[in-house]
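A short write-up of the structure that comes next.
The values are calculated or read from the model by the stated rules, or taken from the named source; none is laboratory data. Just so we're clear, the structure is a prediction, and the values are computed from it rather than from any experiment. Methodologically, a virtual Cβ is constructed for each residue, glycine included, from the backbone with ideal geometry; neighbour enumeration extends over all protein chains shown. Note: areas computed on protein heavy atoms with side chains; ligands, DNA, RNA excluded. Shrake-Rupley method; radii C 1.70, N 1.55, O 1.52, S 1.80 Å.
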Amino acid sequence: MLFHSSIRKELARSFGATLVVLITVVMTMTLIRTLGEAGRGVFNPSDVMIIMGYTVLSYLPTILSMCLFIAVLSVLTRMFRDSEMVIWFGSGRGLTSLINPLFRFAWPILVVITALAFLILPWALSRIEDMRDRYDKRGDLARIEPGQFQESASGDRVFFIEKDANSDSLTGSNVFIATHKNDKETITSARSGHLETLHGEKFLVLENGQRLEKVAGKPDLTVAAFTTYGAQVDADDQSARAFVPSGAKNTMELLGAPTNVHLAELSWRAGLALAAINFVVMGLAAAGVNPRVGRTANLGFAFGAFVVYFNLLILGKSWIETGQIHFGVYLLVLHGGALALALLWLAKRNNNWTLRLGGATARRERCKTKAAP
């Protein structure tokens, strides 16, 4: 029908505009947070844009669900405000007849949300964890920053080096190394140093310096001056991650080991897809115009409903993880209950059901008034 085609086009325009705005906001907030984490040494500063891209990709299911909800609610509210729905109702059609065009528009978005939740989301989180772990396990050479104190990968050594602008990347001046290992504290300083590879191992060769050594619990202090001294530096740790969070595991791996933690993660991924379906029905049921509350009331309702729904998703994930509620019961109560309430609300508006309290009392009062002389 022509009406169905026009409403789908308007939904597409509203959905696209909302998506651009929300992605811009999320990208800005993610960039600020990622820059802060990179400044604290969580990520490599050169990987900020990549980390931001993976993070925004992991947020896409939530963003698309909210865009779909806002698009359905705003378009139908405009149709009520401009009396286009009067024409629709005058032709003998009700609100329930709009379910078909709405889901004909929404089904590709729902498929994308499902694919993102079950396939892309764990992949993006896994890539973020890999980059975080690789940066945390970088060797001493990669950790050395001119003019800054840096801790070694093993945590038992602190480096400081000044780098001359005219020198190459393998030499530096005013080198300081503090080591604490096996109850022995060592402080080594030198005027200059350079890197050399000896017998397949990398060494920091120091020149013209001194070395102070102290054993814990003993008052003796050993001081030695040297012309040349070699200190071995740790290489990059190439081992695999010791811990993989449930959010970074693929869906088949979660299904293969249905523990509480894995079921909690599955409830979150399934909830993203089920919530998007419910939002379409909720948007249709909530659409309307009330001149007394202004034009932004429905958008305020959309934001509030979205926040409450997704907070329940987060709470349900924690409840399943701690064993307070069963996986199937949670999905049925939350998503089934939300769908049932939305359908009941839609049926009430479609059939003009009203709850008349005190009707019999009012009729008796009218009869008394008529009977009075």
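If you stretched the chain out fully between Phe89 and Met29, how much longer would it get, using 0.36 nm times the residue separation minus the C-alpha to C-alpha distance?
17.2 nm
Hand me the trypsin sites (Lys or Arg not before Pro) from region 1-64 located in a DSSP loop with no more than 10 other Cβ atoms within 10 Å, in residue order please. Walk me through the intermediate numbers first.
Numbers: sites: Arg8, Lys9, Arg13, Arg33, Arg40; in loops: Arg40.
Listed in order of number, the matching sites are Arg40.
May I ask you to derive the relative contact order of region 1-126, considering only C-alpha pairs under 8 Å and at least 6 residues apart, and to give it as an integer percent?
Relative contact order for region 1-126 comes out at 38 percent.
With every protein chain present, what accessible area does Ser246 have (1.4 Å probe, heavy atoms only), rounded to the nearest 10 Å²?
Number for this one is 30 Å².
Keeping all protein chains in position, work out how much accessible area Ile187 exposes to a 1.4 Å probe, and write it in Å² to the nearest 10.
80
How large is ³J(HN,Hα) for each residue in region 322-335, as worked out from phi by the Karplus curve 6.51 cos²θ - 1.76 cosθ + 1.60 (θ = phi - 60°), to whole Hz, x for Gly and Pro?
For region 322-335, the Karplus-derived couplings read 8, x, 7, 8, 7, 4, x, 4, 5, 4, 5, 5, 6, 6 Hz, x marking Gly and Pro.
Note down, for region 68-115, the three equivalent ellipsoid semi-axes (square root of 5 times each alpha carbon gyration tensor eigenvalue), biggest first, whole angstrom.
24, 13, 5
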